[in-house]
Every structure is written in structure tokens, then in C-alpha cells.
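Working notes, beginning with the structure itself.
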Amino acid sequence: MLPDIEQLLELQVADQEIRKLREEIAELPKRISAIEQKLAGTKGRLEKTRTAAKADEANRKKYESTIQDLQLKISKYREQSLDVKTNEQYKALLHEIQFAEQEIRINEDRILEVMVSVEAREKDVKAAEAELKAETAEIEKEKEDARRVTEEDQKKLVEWNAKRDSLRQGISEDILRRYERVMKFRGSGLAEVRDHKCMGCQVMLRPQTYNEVRNGEQIVYCDSCQRVLYFNPANEVKLEQAPEPAHTKRRPRPKADAAQAWFYRPDYGDAGEVLLVFTNQNGAATRCIYDMHSGRQLGDVLNREGNYRQAFPEDLTDSAVRLNGYWEEEEMIDWGSEMPSSALDVLHNDLRAAQREHDKAHKEHSAATAEHSAAG
Ligand SMILES: [Zn+2]
């Protein structure tokens, strides 16, 4: 293997680590700001309820003093009624007293209304206060976690950056420039060649290109994805020695209605090559994405309503290859954020078998077409 390729392989590992760390560091403040927003919402609600409670209290006092005034008026009218001379005057005073009594009842009703509202508001205030307390505790914990993870990530980032810098120095400038351009867009800058195929984009190489990569005397780029190509004899020898499974045994066809379904996508946005696993359960579907080569989990697990075909149609493009593979849920939980190489091997082997089958079918089809035209 060319020394440049060896260096590039190490550089790619460093670049992918750096990318992952940067993403993680950028993600943390967003999570905190989301909780802070929620916290501000709860604070606002509490403030509003407290203001309304104060207004209730002021209103109650106002109604009570109105009642006192009215009672005073009534006793004054009663005193005056003792001194009246005419029936007319007496009637007028009686009318005033009745009016004042009616006003008192109205104000008493208002006080009752306020009391009911005060009770409801007290409940609201208590609930908001409890919520605020929980959220404050949560944000403190989140901040502490974020601070710790960021610190660890920053430390790792410094280490990886130093490693990256020293690796870059050992690689020719022209190769480095081309590698970095592809890396930026595809998430990986070099790809292994296996079975005459670029494992980065799954396109068959021309025989001359394949031989050039195999000879390992010069740097060769993939015509279709521009990745730097390399050949690992260890992998090819194993393949050539192993009995061709496609010839002896047919690849089992993945079940269409399986509860767990694995797919391979060579072109998954920035992530490039990925493995997707869908699980149907209780009328909903979850999706988890893994990096094709490292087996590392990418992003969060998504859950949507319906089976996975209805829930994630955007993932099931023409380039998606359905793979054989099944693991128990508990086992997959044990994987954590990275699937083990044993599981990766199963899926990689099945993908190769699927591709061989596809190629064979293609060849047979071409041969049949040629025969047909020769006969005609
Ligand atoms: Zn390619």
C-alpha cells in the first residue's frame, strides 16, 4: 500500500472523529437554550398569575369598603327617618335604603366570585412554582453535564487536531486537497476497492482503473465519486479463497413483513454510506442510522406513526438495498452508540452477496438479450 494511502486512512479516522466532536459540542448549547426557553415560559406564567392574584385582592378590598360605606348610609337614612314629617319623605328614605341594600348584595356576590377565583389562582401559582423548581433543577443538571461533556470533547478535539495536523504534513498537497474536498461533501475521502467495485459509491470500476488500484503504484481516484481508491489485499484474498456463496447457496430473500428491517444506503446526505434499521411495533416505526464502516450510531432514534414504509418513505429510495439481519431488541440496546464488528460483518457480507446476485442477474439478462438478437 502507498504510504500516502496509509496516512490518508489514518487522517480519515481523525477527520471523522473531529467532525463528530464538533457536532456534539455545537449541539449542547442548543439543548440548554431549549430548556431555558421553557423555564422562561414557566416564569412568565407564574408572574402573570401572581399579578392577577394581587388584582383580585385589591378588588376584594374595594368591594368590602363599598359595603361599609353603604351600611353607613343605611344607618344615616334610618336615623333621618325618625325625624321625617311627611309620608312622601318617609317613602323616599325607604327607597334609598332599599337601593343601598341591593347594592350591598351585588358587592357581596362580587366578593364571592373573587374568592372562587383566588382559590383557582392559588392552585395555579403552586403548580407553576413546583414546575419552576423542577425545571431549574433540570437545567442545572443539564448545564453541568454539558459543561463536563464539552470540556472532555474539547480536550479530545485538541488531541485529534494535533494528530490530524501531523498526518497532513506527511501527505502530498495535491492528494490532500482532493481528499479534503470529497471528505467535506461525502463524509469520507477515500474508499476501498472490493470485487472490482468502489465501496464508497458502489460503482464498478473500469478494468484498467481496477488494475491501477490493485498495483498500488499511483494514486487513483474513483471516476464516479472522486474518492481516493485503495486496495486491501487481505480482504480480497479472503474473498477469493472463500467458496462463492452465490454459486453454492442462494442468498435468502429478506422477508417483506419482518418487524425489523435493515437497509444499506450508499448516498445518505452528508453521512455518505449508512446502514438503517427500522422496527415496527404497536402501530409505530422507529429508525436508527449507523455509519457503514465504523458502525457508529448517527443522530437520534426517530419514532413515527405507521409501519416503517409509511413512516419513513424518504429513506427508501431506489438506491436503498434491503439486507438480511436480525438482532434482539435487548442486544441492540446493549450495543449503545456503536454496533459491534460481528454485526457489521453480517450486514457487509450480505450486502456483497446482494450485489453479486444483482450483477449476476444483470449479466444473465445481457447475455440473454445478446443471444436473442443473434438468433433474430
Ligand atoms: Zn466511488
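The values are calculated or read from the model by the stated rules, or taken from the named source; none is laboratory data. Since we're looking at a predicted model, the values are computed, not measured. Virtual Cβ from ideal backbone geometry, glycine too; neighbours counted across all protein chains shown. Surface areas here come from the heavy atoms of the whole protein model, side chains and all, with no ligands, DNA or RNA. Shrake-Rupley method; radii C 1.70, N 1.55, O 1.52, S 1.80 Å.
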From the list ALA361, ALA374, ALA370, exactly one residue is modelled with pLDDT under 85, open to solvent by 80 Å² or more (accessible area, probe 1.4 Å) and among the aliphatic types (A, V, I, L, M). Which is it?
ALA374
Among the residues of region 53-107, count how many are in contact with a Phe, Trp or Tyr (Cβ under 7 Å, 6 or more places away or on another chain) and either on the phi > 0 side of the Ramachandran plot or polar (S, T, N, Q) (or both).
2
Note: among THR51, THR42, just one is of a type in the set (S, T, N, Q) and surrounded by 12 or more Cβ atoms within 10 Å (Cβ to Cβ), namely THR42
Would you point out which residue out of GLN226, GLN218, GLN208, GLN202 is touching a helix residue (DSSP H, G or I) at 6+ places or on another chain (Cβ under 8 Å), more than 11 Å from the ligand (Cβ to nearest atom) and polar (S, T, N, Q)?
GLN218
Contacts under 9 angstrom Cβ, first residue in region 212-235 being on the phi > 0 side of the Ramachandran plot and open to solvent by 60 Å² or more (accessible area, probe 1.4 Å), partner among the aliphatic types (A, V, I, L, M) and within 16 Å of the ligand (Cβ to nearest atom), 6 or more apart:
GLN226/VAL182
Being assigned to a strand (DSSP E or B) and either touching a Pro at 6+ places or on another chain (Cβ under 9 Å) or modelled with pLDDT under 90 (or both), is that true of even one residue in region 310-320?
no
Cβ-Cβ under 8 Å pairs, at least 6 apart or on other chains, region 316-330 side more than 15 Å from GLY269 (Cβ to Cβ) and among the basic types (Lys, Arg), far side modelled with pLDDT of 90 or more and open to solvent by less than 100 Å² (accessible area, probe 1.4 Å):
ARG322/ALA261; ARG322/TRP262; ARG322/PHE263
Considering every residue within region 194-209, establish whether at least one is more than 14 Å from ILE5 (Cβ to Cβ), in contact with a strand residue (DSSP E or B) (Cβ under 7 Å, 6 or more places away or on another chain) and in a helix (DSSP H, G or I).
yes
Out of (1) closer than 30 Å to GLY216 by Cα; (2) of a type in the set (Gly, Ala, Ser); (3) open to solvent by 50 Å² or more (accessible area, probe 1.4 Å), the one ALA14 does not meet is (3)
Does region 68-77 contain any residue that is hydroxyl-bearing (Ser, Thr, Tyr) and either open to solvent by 100 Å² or more (accessible area, probe 1.4 Å) or closer than 30 Å to GLU122 by Cα (or both)?
no
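The rows are residues; the columns are (1) open to solvent by less than 40 Å² (accessible area, probe 1.4 Å); (2) over 27 Å from the mean Cα position of the chain (by Cα).
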site	(1), (2)
ASN307	no, no
GLN310	no, no
ASN324	yes, no
MET332	yes, no
PRO340	no, no
ASP345	no, no
HIS348	yes, no
HIS365	no, yes
